[in-house]
Amino acid sequence: MNLDQIRQDIPGLDANVYFNTGGTGPSPAQVKGAIDSAYALMEEQGAEAPPVKQEIAARSEAARESIAALLGAKPDEVALLRSVSEGMNVVALGLDWQAGDEIILTDQEHPTGLLPWFNLRQRVPVELKFVPLTNDADELLERFAAALTPKTKLLSLSHVTAENGLRLPAREIVELAHRHGAQVLFDGAQSVGQFPLDLHEINADYYAMTGHKWLCGGMGVGAFYVREDLIDALAVSWTGSGAVSELDRVSGDLTWQPGARRYEFGNRAWPIYHGLGAAVDYIQTLGTDQIEARAGELADGLKRDLAAIPGVTVISPMDPALSTGIVSFTIDGMTGPEVAAALWERWQIICRAAMQGTATRLSVAFFTNNAELTTARDAVATLAKEAAA
Ligand SMILES: Cc1ncc(COP(=O)(O)O)c(C=O)c1O
C-alpha cells in the first residue's frame, strides 16, 4: 500500500488529524470526479438525451456491480438506497409480523438499529429483546443462544458496533439463528470497507450498508442486500415510479423490477452512486484484506499505547478476531464529549464521544499515518495527566 499516494488522493487529510471515519470517511478525489463527470454530462448534453440517459444508467449499474462484488453478492441482490436506515426499514416494514414475534437486538445498537423496531412495536405488539455485548467471543455466542426462542423471528445486529468497534462473529450467529428458524439482518454501517466480506459465505439474510463511512464514498448513498431466495417474501412497503417493469394502470396488476431493484423508486441522484462506485473501486484496488491488515495493526498498537497510560482504559476488544479500526477508551475524570472537544480544540483531532458519553472513539483507517497516531497518543496522555492532577 502506497501511503504517500493514498494521502495525496484524499485531499481532506491535510487540514487536520482525521480520526472519525466511523462518522464520515474522507473521500479520495476520484469520488468527486465521478460525481462531477455525471453532472457535467447532463448539464452539457441534457439529462434526458437518450445517449446521456443510457450512459448514466450504465454507470449506475456498474456501481451496483462493484458494490455486489465487494459484498460477495449478485447484483440482483443489491438495491441502491440512501442509507443504512432505509435498508433496515425495508425489513422492518416488509416482513409479515405477528403479535408476539420476538426480535433480538443488542445493548449497543445505533439509533438506526433501534428506531425501525420501536416504530414497528407501536403498530404490532412484537417483543424486543436486548442481548448485552461482551468482548469475549464464546460468551457472546452463548448469550445469543440463550436469547433465541421458537418465537424469535429476526436478529437485527450491528456487524461492527459503533461504540467500541466490536466485530460480531457473523457466520456463527447466522448459523445459530437459522438453526432456531430465525433470520438475521446486519447493520453494516461500521463493517463495509473495513475488511473482506462475503455475504453468501456468512449466509446473511439481509444486510444494510452506507457508503459514507469506511468506504469514504460520500453522503446520501447506501445499499441493501437481500438474499436471492428471500426477495419475493420481503414485501415492498414504499413505492413509486421505477419500481415496476410492468403496470396495468387500470387493474393495478404489476410486475416488480427483478431482484432487489424493486425497493428503489422515484427519481434518484444517480451521480452520487457513481461516486460510491468509484469509492468501492478505490477500496478494492487497495484490497480489503490489506486494509484490514494495516488498520488492524495500527489500531492494535494504539490500543496498547493508550492502555499503558495511567487513568486510561481501553474498552475496545483486544482479541484480533473481534477487533476493527475503532479504538474506544475512557479517561478517569473526563466525559467522552469533554475529551472529544479537547482533542479537537487543542490538537485538531477529529473524533467523537462513544458509549452514551462515557467514552471517546478514535477511528483508525487505512490512510492513518504514524505521526497522527503519535499525536493522538500524546494528546490522550496529556489529558489523562491533567485530569489526574
Ligand atoms: C452502527 C451504525 N448504524 C447506522 C448508522 C447510520 O447509518 P445511516 O445514516 O446510513 O442510516 C451509523 C452511523 O451513522 C452507525 O454507526
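A few notes on this one:
- Degrees, to the nearest 10: 170-179 long Cα axis against longest axis of the chain: 50 degrees
- Charges were assigned to the Cβ only: +1 to each Lys and Arg, -1 to each Asp and Glu. The resulting dipole of segment 32-285 about its Cα centre is roughly 400 debye.
- In order along segment 29-44, the phi-based Karplus estimate (6.51 cos²θ - 1.76 cosθ + 1.60, θ = phi - 60°) of 3J(HN,Hα) comes to 4, 4, 5, 5, x, 5, 5, 4, 4, 5, 5, 5, 4, 5, 5, 7 Hz; Gly and Pro are listed as x.
- Between Ala308 and Ala49, the contour length at 0.36 nm per residue exceeds the Cα-Cα span by 87.0 nm.
- Taking every DSSP bridge with both residues inside the chain, close to 55 percent are antiparallel.
- Across the options Gly259, Ala376, Leu41, the greatest Cα extent toward the positive end of the charge dipole of the chain (unit charges at beta carbon of Lys, Arg, Asp, Glu) belongs to Ala376.
- Footprinting exposure proxy for Asp205, Asp101, Asp248 (fewest neighbouring C-beta atoms within 10 Å first): Asp248, Asp101, Asp205
- Rg/Rh for segment 32-285 stands at 0.99; both radii use Cα atoms, and Rh follows the Kirkwood definition.
- Stretch gain in nm, segment Ala321-Gln290, where the contour uses 0.36 nm per residue and the Cα spacing is subtracted: 9.6 nm
- Relative to the dominant Cα principal axis of the chain, helix 370-388 is inclined by about 60°.
- Here the extension length gained between Ala15 and Tyr39 equals 5.9 nm, from 0.36 nm per residue of separation less the Cα-Cα distance.
- Cα-centred dipole magnitude for segment 219-275, charges only on beta-carbon of K, R (+1) and D, E (-1), debye, nearest 20: 260 debye
- Annotation: the residues Ile315, Ile67, Ile104, sorted from fewest to most other C-beta atoms within 10 Å of their own C-beta, follow the order Ile315, Ile104, Ile67.
- Ranked Lys303, Lys213, Lys32, criterion: other C-beta atoms within 10 Å, fewest first: Lys32, Lys303, Lys213
- Distances between placed amide hydrogens fall under 5 Å for Gln183 paired with Leu154, Leu155, all partners being 5 or more residues away or on another chain.
- Vicinal HN-Hα couplings computed from phi for segment 73-90 (Karplus, 6.51 cos²θ - 1.76 cosθ + 1.60; Hz; Gly/Pro x): 10, 8, x, 5, 8, 10, 9, 8, 10, 9, 6, 4, 3, 4, x, 4, 5, 4
- If R0 is 25 Å, the Cβ-Cβ spacing of Phe130 and Met219 corresponds to a FRET efficiency of close to 0.25.
Values quoted throughout were computed directly from the atomic coordinates according to the rules given, and no laboratory measurement underlies them. This is a predicted model, so every value here is computed, not measured. With ideal geometry, Cβ positions are generated from the backbone for all residues, glycine too; neighbour counts draw on all protein chains shown.
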